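> Have a look at this one before I ask anything.
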């Protein structure tokens with residue numbers, strides 16, 4: 001495996017952890033839920049045999065990698081619209097896990113993305129990504145998941161779901177202070193910022209060739225409005241998820257669960 005790819009992935013994990021307190025802890029609880037799904041069903045082995053996980057907006061594959069490592073027989077489909085990050089995920093996870101990881105180039109903000117999935121899925125996950133969708137797009141995505149996932153299928157999303165500063169000023173301030181502490185400590189010891197990571201990543205020729213396509217795809221996508229936790233849970237219930245709730249939280253960083 002290319003040492004350059006390995007180094008870029010390590011740098012990605014470091015810079016993401018600078019923006020997310022206890023990032024590995026929230027990954028671990030998502031993996032524990034998947035383990036419970038396997039243990040609670042006669043259809044899946046404890047090693048993930050028979051289970052297919054859909055990683056929505058998978059980026060370079062951070063969550064997919066942890067799933068594939070913990071469950072040595074699981075299959076993961078990683079969907080992303082960013083050609084640079086999808087190429088990185090494909091190169092890295094393809095070398096580590098071969099055909100157990102399938103990258104899919106699809107836009108979750110557009111209708112019909114589910115038609116590109118190569119097979120049925122049992123669990124869907126996402127990490128630090130769906131906040132890029134507008135509220136209406138998020139509702140549409142959850143509606144699609146309600147059709148894609150089978151009965152008792154599980155959805156897990158780990159993300160920053162911001163407080164409303166108008167009615168929750170203290171909670172907003174506490175969350176901001178936690179973000180500032182985490183970022184300050186990481187950057188003081190030399191961890192890259194988001195912009196610094198991207199500047200380094202696209203110096204790699206295999207990623208640089210996708211830079212122009214990336215710029216075109218996201219040129220007309222302005223910052224998205226805030227979608228609060230309540231919208232996520234309500235949209236999941238409307239989409240047919242029988243059980244919804246928060247399974248982990250640190251200020252405004254949460255992991256939500258929906259069960260069909």
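> For a quick check of your reading of the model, give me the residue pairs whose first member lies in region 207-227 and is under 13 Å from residue 81 (Cα atoms), whose second is outside any helix (DSSP H, G or I), with beta-carbon atoms closer than 7 Å and at least 6 apart or on different chains.
That search, which allows pairs on different chains as well, returns 211/202; 214/82; 217/81.
Table: residues versus (1) on the phi < 0 side of the Ramachandran plot; (2) modelled with pLDDT of 95 or more.
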position: 2; (1), (2): yes, no
position: 11; (1), (2): yes, yes
position: 15; (1), (2): yes, yes
position: 21; (1), (2): yes, no
position: 32; (1), (2): yes, yes
position: 45; (1), (2): yes, yes
position: 50; (1), (2): no, yes
position: 56; (1), (2): yes, yes
position: 62; (1), (2): yes, yes
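> Still on this structure, please answer the following. Being outside any loop (DSSP other than H, G, I, E, B) and touching a residue at least 60 places away in the same chain (Cβ under 8 Å) is the filter here, so list the residues in region 155-171 that pass it. Quick ask: steps written out before the conclusion?
As a first pass, look at region 155-171 and keep what is outside any loop (DSSP other than H, G, I, E, B): 155-160, 169-171.
Residues satisfying the conditions are 155, 156, 157, 158, 159, 160, 171.
> Here's something else I'd like to know. Give the residues of region 106-154 that are in contact with a strand residue (DSSP E or B) (Cβ under 8 Å, 6 or more places away or on another chain), over 21 Å from residue 234 (Cα atoms) and surrounded by fewer than 16 Cβ atoms within 10 Å (Cβ to Cβ), sorted by residue number.
The answer is 116, 118, 119, 120.
> All but one of (1) outside any helix (DSSP H, G or I); (2) touching a helix residue (DSSP H, G or I) at 6+ places or on another chain (Cβ under 6 Å); (3) touching a residue at least 24 places away in the same chain (Cβ under 8 Å) hold for residue 152; state the number of the condition that does not hold.
(2)
The values are calculated or read from the model by the stated rules, or taken from the named source; none is laboratory data. For clarity, every value in this text was computed on a predicted model and none was experimentally measured. All Cβ positions, glycine included, derive from the backbone under ideal geometry; neighbour counts span all protein chains shown.
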